[in-house]
Amino acid sequence: MKYSGQVLPASLSDEEIVVRILHGEKNLYEILIRKFNLRLFRISMSIVNNDMEAEDIMQTTYLNAYLQLPNFQGNSSFGTWLTRILINESLLHKKQKIRSERFLTVHAGSEFHNETPLKGLMNNELKMMLEKAVSNLPEKYRLVFVIREIQEMSIQETMQVLDLAESNVKVRLNRAKQMLRSELSHYYKSSQLFEFNLLRCDRIVNRVLDKIESY
């Protein structure tokens, strides 16, 4: 594992990296950001359905997680702990946005639409069809589907980040698949769903590290 000109042990765990960060090697946080960027982006997108808002939420999540690192107890994996923070931030953002839009609608007499095109994420017709189908799933099914099938997190991790029983996870996942199957048949799964390219990854890393430098 290479980092800033030095080689770190390939077997270094997330939790070991956290310990080293807490002992002053705060630039090692970049390793964790790059590792979890794709997961967090996909999960946040499944909630807010807006790529730029997802980026802002990710930045907030990483900063909040960094400030809370001393409180990380290791009761779950670092990735699960971080994902839970991301989901809470995404749900809070969505709730605030809906509240704001309702207020503006009432006071300005305007109509607002929540649907936002996912610019630049899909490169071919299949991915566009898949994205549309997944985005149209009800949130509780969409979130489980993205976490389990797209991000390939375990049932145990899904139960922890969503605070659901195993049976509920399975029921929601099966329901999501049923809703997608009529449109997409066996093409419902794609590793390129909600792509997170290097430019976007670098942008998140640089923003978060710049903020951390001020702490």
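Just so it is clear, none of the values below were taken in a lab; they were calculated from the coordinates. All figures in this text were calculated on a predicted structure; none of them were measured in a lab. A quick note on method: Cβ atoms are made from the backbone with ideal geometry, for glycine too, and the neighbour counts reach across all protein chains shown.
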Sites residue 163 and residue 67, calculated FRET efficiency, Cβ-Cβ separation with R0 25 Å, nearest 0.05: 0.65
FRET efficiency, 1/(1 + (r/R0)^6) with R0 41 Å, evaluated for residue 128 and residue 27 via beta carbons: 0.60
Inter-label distance, nm, simple model (7 Å from Cα along the C-beta direction), residue 139/residue 210: 3.0
Fully extended contour minus Cα-Cα distance, from residue 52 to residue 197, at 0.36 nm per residue: 50.9 nm
